Amino acid sequence: MEDYKFLFKVVLVGNAGVGKTCLVRRFTQGLFPPGQGATIGVDFMIKTVEVENEKVKLQIWDTAGQERFRSITQSYYRSAHALILVYDISCQPTFDCLPDWLREIEEYASNKVLRILVGNKIDREDREIPTHVGEDFAQRHGMYFLETSAKEAENVERLFMEIAAELMEQARSKELPRYETNTTSINGKTTSIGDTSNCGCSRLS
Amino acid sequence: MEDYLPNEYDVVVVGTGMTESIVAAAASRIGKKVLHLDSDEYYGGLWATFNFDGLQKWIEDLKVSKTSTKDVSEVDLESEETFLKTSNEYSTVENIEETWYISNDADLPVVSSKDTQTDSTGDGSGSGDEKSDDDKVEKKENVKQWSIDRIRKEYRKFNIDLAPKLLFARGELVELLISSNIARYAEFRAVSRVATFMDGKLTQVPCSRADVFANKTVSVVEKRMLMQLLTSCMEQGADSPEFDGFRDKTFLEYLNTKNLTPIVQHYVVQAIAMATEKTSCRDGVNRTKHFLNSLGRYGNTPFLWPMYGSGELPQCFCRLCAVFGGVYCLKRQLDGVVIHKNKCKAIISGKQKISLEHLVLGQGHLPPEVVTSEGEQRISRGIFITDRSIMQGEKENLTLLYYPPEQPDQEPVTLIELGPSTNACPQGLFMVHMTCKRTTNAKEDLAYVVNKFLKAEPLDPLAIRSSIHSHTQTVSPDKRHIQEGDQDNRGESTEESPKPQVLWSLYLNLPASDIKLNESTPSNLHLCSGPDLELDFDFAVNQAKSIFESMYPDKDFLPRAPDPEEIVLEGEEAPGPKFEGDTEAEEKQDVEKAEKED
């Protein structure tokens, strides 16, 4: 058994070019920019953090470019505990697409999934979407809100740490999306959740 | 507006069915530049799984022709190039018949005081604990009785398969998922029982050695007999001298020489080998072997079911393809292919001409010019939402039943029953899938099995009410309705083993999977079949393998994809990623930072 108490799946969505991969890389590797070639073959990133003296393992999934032509597989959303919807504060169209993304999220993600709206690229000087507009949108749709800069490492750490803390809180009060824990994961590992101390997953190989 | 795609690829794959998706993943995995298109806005084609709403849209869309209207004259061709328009005629779904057996909310009877009274008298006269429990549940659920509106409202909780398929625990697909590391994208649930119909009722087939020995319907002698037979199939296989005299004979003819008792023979033929009278000895032995081989790996039976439905699996391969750089574009129509000197040179999609080395086409995107036979293995499907299991047990089960034909003109039917824990349907409901080879149409082909195991008559509360009063034709035959004055059909839930009531059904015919291309087909055009009649995905996996081999004979087929932990990233100074284990210092820093920020 690996040394962590909680395992959470976090998925990122949003238009191409809003900086999803940069956010993940900044958080997991402290790198910016991530370098184009490196994306090939990278599926999800893992980082173990500590919240209230408990180890929390975050599995952070990126879209693998399938968002480019709005072709994300439904299975991408399965079993997600948190969902980060990202737009670029200097690019109006990426904000205008948010309702489309929300529709897709409604359709495929668990309705209890923790949702966070992130306005990225606050280092840019050509801002098009004022903070309060993003905030309003998030509030209307029951989402958390944060503005970040992957480039300047602003609020990136905070984003993921708050997600980890919130999910842990939910896990403790049992409000976490309940995914079936008796499923079989055939690679001998399990991507399903939660409090590993009482997880009923079959660990078969 | 149409998305502009880059113009050159090594491999263009059209259609996101199982075979197409595996080929796409395999090509991308070895570094080929892959473009994967689908004219639909969802993944999977005829292999798709839909929620209830999505299925309704799919049915609606079938009425609209999607065939390209593009004319050759509009295509910009160079000399010696010919244009072949593609057609969706080989993926035509026929005989769609959707039926509701329940009412809309508005048509449900208002819960009057009289009804409530009836309920309470029912409580009083309750003969046992079980009964009163039922009544309590009913009262609570009274307003929440299943109606058309309620099913539509809970559409997200349904995952309905067009082509439901199981995985043998040691079948081609499980091995491939593990060896390629694609298994991490999917989750499974073990089929919890294999059922068979024997002596007029459904029984659970003993699958494991322990099951066999715990089984009370089989004598000790029979148990020994069964184990012996299974051992010879398992250890020696069809090439063993044991089966020498039966090369041209059927499996049944072989079994008849073994002096098996009827029960043992029944288990072997109907549940383990899932054979008919026509099954050859070789096939029977191989099927038995396959079944036995897969036992004991996961769960009680040899089978796994993909969580959220079979339609998840093509998507897992698509994800891998994308992770390795494959470009995905749904809702993108293929208009036709450009042939140059008997090679596919490009495809035409919208305004774009996209060049390629290999073209992989799902059978719904073939130019009619290359098709020589439409195939014969056509499929009849029935999908049913029911209110209880065909074989009620203490816990929720995932059941597989093979039902052999009763008459010579019928085909054997495979029945898979899924419960809420697979995410096929909400709590309180079951989803039954039936599949057989088409002879007439889906409804007629499956009727004999539907009538055997399900109650597919309208459940109209008003009709039942009136029938009770007039003492004429009663939809529900139990006498309790009258005895207890219970004017509610739900009274029948206390019956011994009532058939599941069908709330909704859908019949459809899928096209044949054994479509053939003619010999003049360009060698770089590869056909991917639609769903086949077999229980599992092996056909698709093997077809994908052979397509990949013909494209890239010297390359590995889906070598293991690295785990994120194993990838050393560009520009990273540490020799390896530092996610696991020895990261305490790092993490503490993180926490401190976070605390400061807070």
Give me the residue from the stretch B:184-233 that is among the hydroxyl-bearing types (Ser, Thr, Tyr) and within 14 Å of another protein chain (Cβ to nearest Cβ) and, out of that set, surrounded by the most Cβ atoms within 10 Å (Cβ to Cβ).
B:Tyr185
Among the residues of the stretch B:159-183, how many are among the aliphatic types (A, V, I, L, M) and away from chain A (no Cβ under 11 Å)?
4
Entirely in the stretch B:183-232, the strands (runs of 3 or more DSSP E) that have 1 or more residues that are of a type in the set (Val, Ile, Thr) and touching a residue at least 40 places away in the same chain (Cβ under 8 Å):
B:193-198
Taking the stretch A:12-44 and keeping residues at the interface with another protein chain (Cβ under 7 Å from one of its Cβ atoms) and either under 13 Å from A:Ala153 (Cα atoms) or modelled with pLDDT under 80 (or both) leaves A:Gln29, A:Leu31, A:Gly35, A:Gly37, A:Ala38, A:Ile40, A:Gly41, A:Val42
Checking B:Pro408 against (1) under 30 Å from B:Glu172 (Cα atoms); (2) without any contact (Cβ under 8 Å) to a residue 12 or more places away in the chain, the condition it does not meet
(1)
Test each condition in (1) more than 30 Å from B:Tyr552 (Cβ to Cβ); (2) without any contact (Cβ under 8 Å) to a residue 12 or more places away in the chain for B:Ala346 and report the one that comes out false.
(1)
Does B:Cys316 fit the bill of being out of contact with any strand residue (DSSP E or B) (no Cβ under 6 Å at 6 or more places or on another chain) and in contact (Cβ under 8 Å) with a residue 24 or more places away in the chain?
yes
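Looking at B:Gly364, is it touching a residue at least 40 places away in the same chain (Cβ under 8 Å), touching a strand residue (DSSP E or B) at 6+ places or on another chain (Cβ under 6 Å) and crowded, with 24+ Cβ neighbours inside 10 Å?
No: the conditions fail for B:Gly364.
Determine if the stretch B:512-519 includes at least one residue that is modelled with pLDDT under 90, away from chain A (no Cβ under 11 Å), farther than 25 Å from B:Leu177 by Cα and more than 31 Å from the chain's Cα centre (by Cα).
Within the stretch B:512-519, not a single residue is modelled with pLDDT under 90, away from chain A (no Cβ under 11 Å), farther than 25 Å from B:Leu177 by Cα and more than 31 Å from the chain's Cα centre (by Cα).
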For the condition surrounded by fewer than 19 Cβ atoms within 10 Å (Cβ to Cβ), more than 14 Å from chain A (Cβ to nearest Cβ) and in contact (Cβ under 8 Å) with a residue 60 or more places away in the chain, what is the one hit in B:Thr276, B:Thr261?
B:Thr276
Does any residue of the stretch B:540-560 turn out to be within 14 Å of chain A (Cβ to nearest Cβ) and modelled with pLDDT under 95?
yes
Residue hits (the stretch B:316-334; more than 7 Å from chain A (Cβ to nearest Cβ), over 19 Å from the mean Cα position of the chain (by Cα) and closer than 14 Å to B:Ala561 by Cα) are B:Leu320, B:Cys321
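For the stretch B:145-158, enumerate the residues that are within 14 Å of chain A (Cβ to nearest Cβ) and either closer than 29 Å to A:Gln59 by Cα or of a type outside the set (Lys, Arg) (or both).
B:Glu154, B:Tyr155, B:Arg156, B:Lys157, B:Phe158
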Just a yes or no: is a residue in the stretch B:305-315 among the aromatic types (Phe, Trp, Tyr), surrounded by 22 or more Cβ atoms within 10 Å (Cβ to Cβ), within 12 Å of chain A (Cβ to nearest Cβ) and within 18 Å of B:Arg170 (Cα to Cα)?
yes
Restricting the search to the stretch A:64-98, which residues are in a helix (DSSP H, G or I) and either under 18 Å from the mean Cα position of the chain (by Cα) or at positive phi (or both)?
A:Gln74, A:Ser75, A:Tyr76, A:Tyr77, A:Thr94, A:Phe95, A:Leu98
Do you know which of the residues in the stretch B:420-449 that are among the small types (Gly, Ala, Ser), in contact (Cβ under 8 Å) with a residue 40 or more places away in the chain and more than 14 Å from every other protein chain (Cβ to nearest Cβ) is farthest from B:Arg152 (Cα to Cα)?
B:Ala442
The stretch A:45-80 - residue that is within 21 Å of B:Gly309 (Cα to Cα) and of a type in the set (Phe, Trp, Tyr) and, of those, nearest to the other protein chains (Cβ to nearest Cβ)
A:Tyr76
Those residues of the stretch B:353-379 that are within 30 Å of B:Asn181 (Cβ to Cβ) and in a loop (DSSP other than H, G, I, E, B) come to a total of 2
Scan the helices (runs of 4 or more DSSP H) fully inside the stretch B:63-181 and keep the ones with 1 or more residues being modelled with pLDDT of 70 or more and surrounded by 12 or more Cβ atoms within 10 Å (Cβ to Cβ).
B:148-153, B:172-180
Across the stretch B:415-450, what is the total count of residues that are surrounded by 21 or more Cβ atoms within 10 Å (Cβ to Cβ) and part of a strand (DSSP E or B)?
11
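The values are calculated or read from the model by the stated rules, or taken from the named source; none is laboratory data. Remember, predicted model here, so these are calculated numbers, not experimental data. With ideal geometry, Cβ positions are generated from the backbone for all residues, glycine too; neighbour counts draw on all protein chains shown.
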